[in-house]
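To start, the structure under review is shown below, and the notes come after it.
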Amino acid sequence: MFHYPFDPSQFSETARVWWNLFGFYLTVAILLGIAVYAALVLIPFIYSRSRKAVDEIKPGVVPGERGRNAYLAVIVVLILASFLAVFVESYISVNELASLIEEEYGVTIEQLQAGEADGALVVEVRGFQWGWTFKYPNGIESDVLYLPAGRPVIFKVTSDDVFHAFSIPDLRVKVDAIPGQVNMGWTVPQTPGTYRIQCYELCGVGHAEMISKAVVLPPELFDFWYESLGEELVVEEGG
Amino acid sequence: MAHRVLQIKRWLFTTNHKDVGILYLVTALYFFVIAGTLALLFRIQLSVPENDFLPAGKFNQAVTNHGLLMVFWFISPLGFAFANYFVPIQLGAKDMAFPRLNALSYWLLLFGGLLMLAGFFMPGGTADFGWTAYAPLNTETFTPNPGANLVAFGLLMLIASVTVGTVNFLVTIFQLRAKGYKMLGLPMFVWGIFFTVLMMLWAFPSLQAALTLLAVDRILGANIFTAPKGGIIWDHLFWFFGHPEVYIVLFPGLALALDLISVFSRRPLLGRKVIIGALAAAAALSFGVYAHHMFMTGVSLSYLKVHMFTTELISVPFGIITILAILSMIGGAIRLSTPMLFALGSIAVFIIGGFSGVFNSNPVLDIANRGSYWVVAHFHYVMVGAALFALFGGLYYWFPKMTGRMYNETLGKIHFIISFIGFNILYFPMFFLIDMPRRIYTYPEWTGWGPLNFIATVGAFIFGLSHLIMFANLLYSMKHGPRVDRNPWGAWSYEWMVESPPPEYNFEGIPVVQGNRLMVVMANGAKPHVELHEGNHLSPWPLLISLGPFLFLLGLGMWLGQVKFALPLIVVGAIISLYSVYGWFRDDFYERFKFEEPPEYKERWPFTSIHRVKLGMYFFLFGDAVFFAGLVGAYIFMRLEAGATLSGLVTHNILLGLLATLLMLWSAVFMYIAARGAKLGDKTLALAGLSLSTVLSLAYVVVTGLDWASVFAVGFTLADPAIATSATTALAHVLHLLAGLLVALYLTLKIWVRGFTGHVPETLDALAVYWGFLAAISVLVFGVTYVF
Ligand code: HEM
Ligand SMILES: [Cu+2]
Ligand SMILES: [Cu+2]
C-alpha cells in the first residue's frame, strides 16, 4: 500500500488528472510560500536590530495613512495575477476531467450524468449503516467491487439511510451517498490490484468500519468473472 | 463578609461592559479547557492503530462536542471578551449602547454552554453526529441519544446570545464614537469586530432555521430531514451559515494581529484603507462560496465552477491583507515582545492554512481532500492557528490594561515557542494523512497511518499543556506582577489613555477627536460624565431571563429523555422566564441608570438622527429576515426538489389565509398609528392604536390557528414534509407576534398609567417597525405556502 506523498496517477485516469493539478498547486504554493515566509522571518529579524528604524506610533494619535504609492498597486496586481493563474489552470482541469473521458472513450458528460453509456460499466453503489453493496447491470450483487482495468466505470451512488461518502481514495473517486438521490461518479481504473474503499462522511458509530475492497482485474479476467455471475474469485493480492 | 456579598452581586448582576468582558474571558477559557481535554482524549485513542481507549460512540461524542465547544463557546467568545472590554473604550464610549442586553448576551452564552455540557450526563449519551450535524443522521431515527436535544437547545440559546450581541455592537459602533471620530480612524480591532457582527447578523439565523426544523423533527415527530433529499436542506442551511462562521471566528483575531503588528513595529499599517476594503470584500464574499463544502453532493458542474471561482477569489483579499501586514513592518523599530510573537505566529500559520484552502477550492483536488485529515489540518491552521494565536497575543497585550500589572515576559515567550512548535507537530502531519477519513475512531494497522497519528498526538500534548504556562503566568502576575502605568506598550488607541484598569465609566471627561488626535477634555474642569449616572447599573434580570429558559429547556430535554424530575424543572423554568420578562420591563433601567451620553458628544454618522432602539430593531430585522427566508426556502425546496406534491392550495383554505393576512396588515397599520400618536404626544390615539392592533393580532392568531386545525382535521400530518415546513414557518411567525404582543401589552399599561415617560415613544416606534416586518412576512408566507 502506497501513501501520500505519492503519485497515484498510474492507478486511474481521475488520479492522473488529480496528480497533475496537485503538482501545479503545490508548485505555486511553495514558490509563493518561500517568498512570503522569507519576508515574514527576515523583516522582523532585520528591523528588530536596525538602528535607523523610525517610531511613528504616538500615543493618542491615529496612525497616518501610508502606502499611497505604486507598490501597493503592484502587490494587488501580483496577487490578482497569481489568483488568475490558479483559476485558469483549475478551470481547465475541471473541464479536462469531464472531457477526457469523452475524447478517449467516447462517453459524453450527458451520458455520465444520465448514468448510462455504451462501453462503460455502470455499477450501482448503495451505502447503508454500515457497509456497501455493488450491483452490476446483469444483476450481480456483491460486497466486493470488481472492476475492469482500462474501461470507464460509472458509479451511481445512493444511500439507504444517512449520508455516506463512497470513496476509493487511490483511484481518486469520491461521491456522496445521499438518501433519495443518485449521484454519479466515474473513473477509468488502470492498474490491476486491490484498493481500499472507505466511507468519508460520518455516518454513525460504525463509520470507521465502513471499509471494503475494490479489486481491479485485467479485462479478460473481469469478463470471466462477470459472465460466471460473480462467483467468488480468488485473485492474487497486489498493487 | 458584606464585601464578599457585594462582590458576588457585582459579578452576577453587572451590566458594565468591562465586567461582562471579564465574564466572557473566564467563561471562554473554561470551555477551552473542557474542549481541549476532550481533544486530548480522542488524540490518545487515535495515537495507535486499533486502539480501544475510547469506543466508537464515546469517540464520536467527544469529537462532536469538542468541535462545537471550541467554535461556539471558546474562540468566538474569546474574541468577544476583548470586544466587550475594549471596543467601547476604543470608540471613546462609556459603555455599550444597551448595557443590559450586553449582560443578557453573556448569560445566554453561559447557560447555552451549560445545556450543551448537560447533554453528557443524559442516559444514552449526547450528540455524536459531528459539529456539522449532518441530516438525517441528526434526527431521532438515527441519533436517539437524548443528550442531542440538549445540544440543539444549547445552540439555540447561543444563537439568541449572538443575535442580541450583534445588534448591540452595531449600534454601539455606529452611534457611540467620540465626537469627531471618523470610522476610518478606528483601530483595526474595531473594524474586525464590525465585520464579524455583520456576518453574524446574516449567518446565524440560517443555523437557527436549520435547528428549528430539526427541533420540529425531533420533538414533534415530523419528517423533514428524513424525507428523501431532506438532508440536502440541512446542507444548504448549515453551510450558508457555516462558511461565514469560519470567518466570524477568524476576523477578531486577524484584525487584532494587524493592530499588534502595527504597534510593535512602530509603523502605521501599509494601505490601511486597502486592508479595510479587503476585510469588507472577504466578509461579503463569504456568503457566496458555501457550496465548496458540497462539492460531492451531486450539485451541477456549472454550480461547482461558480463556487470554485468565488472560493479562489476570496483568497485575493486574504492574500492582500497578509502581504500588507508583513510589509508594514519594513523600516519599523520592531519589538519582539510576547504579543508581537503571537501576532507573527498567527500570520505564519495563516499562510499555510490559506494555501491549503486554495487546494480545497478546486473540485478536482477536493476529491482527495473532502472528508479527510487534510481538511482537518486546513481548518485547524486557520481557526486554531491564526485565530487562537492572535487572540492569545491580545490576552498578553491587554493583560496589563485589565489588571494594572505586567505578566512575566520570559514565560510568555516560552509559552509562545512551545505552543507554536507543538501546534505544528500536531497539525502538519495531518496534511500527509490526506487519505485518512476524519472522524473515524480507529483504523487498521495496514493503512500505515499509525506513525503520523502518533506524532500528532505527541504534538497535541505539547500544544495542550503549553497553555498551562500561560495560565500560571497570568494567574501569578495578576497578584504579584510589577505595576504598570497607563501605556506600557506606547500604543495609540483610547484604551491606553485611561488608567489601568480603567475606571468604571472609562473616561474622566469627554472623549473628543480632533483631526487625528484622540483627546479627553474636561468641561469647565468638571467631570460631567461622572455626575450623570447617579443610579447603580446592577440588574438581576439578564441573569434570570436566561436562567428561566435554561431550566425550562433542561427540563424539556430531560423529559424527552425520560429522566426523573423533569416536570418540576419545566414548571420552575417557565415561571422564572415569565416573571423575569415582567421584571425586565418593570425595571426602568435606562431611567434609573442614566448612562446615556448626550448625542451632541457623539459621532453618529451615518445614523445621525435615528434613535438607538429603532436602529437596533432595524439591524435585528435584517437578520430575522434570513431566518424566515431559511424556513420558506426549506418549504420551496421540499415542493420543488424533494417531491412533496401537495401544494398549499390543496391543503389550505385560501380564504382563511387571505383573511388572516388582511388582519395582520391592518394590525400593522394601527401599530403605526399608535407610534404616530406617541410621537405627537396624543395619549388617546396611541392607546387606541395599540389596543386595536392587539385585538387584530389576536384575531390573526386565532384565524391562523383555525386554518391549521382544519388542515390537520382532514388528516394531513407533520409526516408530510411540505406541511411540516410550512407549519414551522407559521408557528415561528405566530411566536414572533406573541413576543411582540407582550411588549405591546406592557406599553399599553405603561402609557395608560404613566403616560409617555422614558423611552416609551421610541420603543413604540421600534415596535411599529417590527409589526410592519411581521405583516410583510405574513404576506410572503401567504404567497408561498397557501398559493404555491
Ligand atoms: C484562502 C482562504 C480559504 C479558502 C480558499 C478555503 C477553502 C475551503 C474549502 C474549499 C473547504 C471545503 C473543504 C472540504 O470540506 O472538502 C474548506 C473547509 C473549511 N475551512 Fe476553509 N478556506 C479558506 C480559509 C479558511 C479560514 C480563514 C477558515 C477559518 C478561520 C476556514 C475554515 C474552514 C473550515 C472550518 C472548514 C471545514 C468545515 C468542515 O467540514 O468541518 N477556512 N475551506
Ligand atoms: Cu461513514
Ligand atoms: Cu467554507
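Under a plain spin-label model, where a point goes 7 Å from the Cα along Cα-to-Cβ, how far apart in nm are B:Leu184 and A:Glu116?
Going from the B:Leu184 label point to the A:Glu116 one covers 6.4 nm.
May I ask which of B:Lys94/B:Lys182; A:Lys156/B:Lys229; B:Lys18/B:Lys594; B:Lys9/B:Lys182; B:Lys94/B:Lys750 have a Cα-Cα span longer than 26 Å here?
Where the Cα-Cα span goes over 26 Å, the pairs concerned are B:Lys9/B:Lys182; B:Lys94/B:Lys750.
Treating the range B:615-786 as a set of equal point scatterers at the Cα positions, no solvent, please give the Debye-formula log₁₀ I(q)/I(0) at q = 0.19 Å⁻¹.
One equal scatterer on each Cα of the range B:615-786 leads to -1.13.
When chain A is modelled as a GNM with alpha-carbon springs shorter than 10 Å, which of A:Glu103, A:Glu56, A:Glu201 fluctuates the most?
Of A:Glu103, A:Glu56, A:Glu201, the Gaussian network model singles out A:Glu56 as fluctuating most.
Taking R0 as 56 Å, what's the FRET efficiency between A:Phe45 and A:Ala98 from their Cβ-Cβ distance, rounded to 0.05?
The calculated FRET efficiency here is 0.70.
Considering the options B:Phe607, B:Ser667, B:Val151, tell which one lies farthest towards the positive end of the dipole of the protein assembly as shown, charges being +1 on Lys and Arg and -1 on Asp and Glu at the Cβ, about the Cα centre.
Result: B:Phe607, furthest along the dipole toward the positive end.
Do the sum for the protein assembly as shown: with -39,500 (n - 2.57) for every DSSP H run of n ≥ 4, divided by all residues, what is the mean residue ellipticity at 222 nm, to the nearest 500 deg cm²/dmol?
-21000 deg cm²/dmol
Calculate the mean, over all residues of peptide A:50-57, of how many other protein chain Cβ atoms lie within 10 angstrom of the residue's Cβ.
6
Using per-residue counts of other Cβ atoms within 10 Å, averaged over each peptide, order B:292-304, B:666-678 from highest down.
In decreasing order of mean packing, B:292-304, B:666-678 become B:666-678, B:292-304.
Rounded to the nearest 20 Debye, what is the dipole magnitude of the protein assembly as shown about its Cα centre when Lys and Arg each give +1 and Asp and Glu each give -1 at the C-beta?
4960
Hey, what D do you get for chain B in µm²/s if you plug the Kirkwood alpha-carbon radius into Stokes-Einstein at 25 °C and 0.890 mPa s?
89
Just counting partner chain Cβ atoms within 10 Å, what average do the residues of peptide B:388-397 show around their Cβ?
Across B:388-397, the average partner-chain Cβ count within 10 Å equals 0.
If you stretched the chain out fully between B:His3 and B:Ser710, how much longer would it get, using 0.36 nm times the residue separation minus the C-alpha to C-alpha distance?
Additional length available on full extension: 248.4 nm.
Would you order B:Leu780, A:Leu112 from fewest to most other beta-carbon atoms within 10 Å of each residue's own beta-carbon?
B:Leu780, A:Leu112
Shielding of A:183-192 by partners, i.e. mean partner chain Cβ atoms within 10 Å per residue?
For this peptide, the per-residue mean of nearby foreign Cβ atoms is 1.
Report, largest value first, the span of the C-alpha coordinates of the range B:252-392 along each principal axis, in whole Å.
Result, largest extent first: 53, 30, 20 Å.
Hey, what's the Kirkwood Rh for the protein assembly as shown if you take every pair of different alpha carbons, in angstrom?
Final number for the Kirkwood radius of the protein assembly as shown is 30.5 Å.
Using only the alpha-carbon atoms of the range B:140-258, report the extent along each of the three principal axes, biggest first, to the nearest angstrom.
On the principal axes, the range B:140-258 reaches 58, 21, 20 Å in Cα extent.
Once R0 is set to 25 Å, what does the formula 1/(1 + (r/R0)^6) return for the Cβ-Cβ distance between A:Gln10 and A:Asp160, expressed as a FRET efficiency to the nearest 0.05?
About 0.15, to the nearest 0.05.
So for the range A:13-109, taking the charge dipole from beta-carbon charges (+1 Lys/Arg, -1 Asp/Glu), which of A:Trp19, A:Leu97, A:Ile46 sits furthest toward the positive end?
A:Ile46
Say each of B:Ala688 and A:Val88 gets a label point 7 Å from the Cα, pointing the same way as Cα to Cβ; how far apart are those two points in nm?
For the pair B:Ala688/A:Val88, the computed spacing is 7.2 nm.
State log₁₀ I(q)/I(0) for the range A:120-227 at q = 0.14 Å⁻¹ as given by the Debye formula over alpha-carbon point scatterers of equal weight, solvent excluded.
Cα-only, vacuum Debye calculation for the range A:120-227: -0.48.
What are the DSSP H helices in chain A that stretch 30 Å or more along their long axis, judged by alpha-carbon atoms, and whose average Kyte-Doolittle hydropathy comes to at least -0.5?
A:13-47, A:70-105
Considering only C-alpha atoms, what is the centroid distance from the range B:445-509 to the range B:330-407, in Å?
A separation of 14 Å, based on Cα centres.
Hey, if you put +1 on the Cβ of every Lys and Arg and -1 on every Asp and Glu Cβ in chain A, which of A:Ser167, A:Phe83, A:Gly119 ends up farthest toward the positive end of that dipole?
Positive-end residue among those listed: A:Phe83.
Based on the mean of other Cβ atoms within 10 Å per residue, sort peptides B:156-163, B:412-419, A:213-220, B:205-212 so the most packed one is first.
Descending mean neighbour count gives B:205-212, B:156-163, B:412-419, A:213-220.
Treating the beta-carbon of each Lys and Arg as +1 and of each Asp and Glu as -1, no other charges, what is the dipole magnitude of chain B about its Cα centre, to the nearest 20 debye?
Result for chain B is approximately 1500 debye, rounded to the nearest 20.
Sorted by mean Cβ packing within 10 Å, highest first, what order do the peptides B:65-74, B:115-124 take?
So the peptides B:65-74, B:115-124, ranked by packing, come out B:65-74, B:115-124.
If every alpha-carbon in chain A counts as one equal scatterer, what log10 I(q)/I(0) does Debye give at q = 0.07, 0.13 1/Å?
-0.38, -0.85
Along each of its three principal axes, how wide is the spread of alpha-carbon positions in the range B:567-715, in whole angstrom units, largest first?
The Cα atoms of the range B:567-715 stretch 60, 45, 36 Å along their principal axes.
Report the relative contact order of chain B, percent, no decimals, based on alpha-carbon pairs under 8 angstrom and at least 6 residues apart.
16
Calculate the radius of gyration of the Cα atoms of the range A:13-109 to one decimal place, then report Dmax, the largest Cα-Cα distance, as a whole number, both in Å.
That works out to 22.2, 71 Å for Rg and Dmax.
What FRET efficiency comes out for A:Val182 versus B:Leu680 if R0 is 51 angstrom and r is the Cβ-Cβ distance? Round to the nearest 0.05.
Calculated value: 0.20.
For a footprinting-style exposure proxy, rank B:Thr785, B:Thr694, B:Thr725, B:Thr139 by other Cβ within 10 Å, fewest first.
Going from sparsest to densest Cβ surroundings: B:Thr694, B:Thr139, B:Thr785, B:Thr725.
Quick one: check the C-alpha center-to-center distance for the range B:577-629 versus the range B:1-58, whole angstrom.
Each part reduced to its Cα centre gives a spacing of 31 Å.
Throughout, read-outs are computed from the coordinates displayed, never taken from laboratory work. None of these values were measured; they are calculated from a predicted model. As a convention, Cβ positions derive from the backbone with ideal geometry for all residues, glycine included, and neighbour counts pool all protein chains shown.
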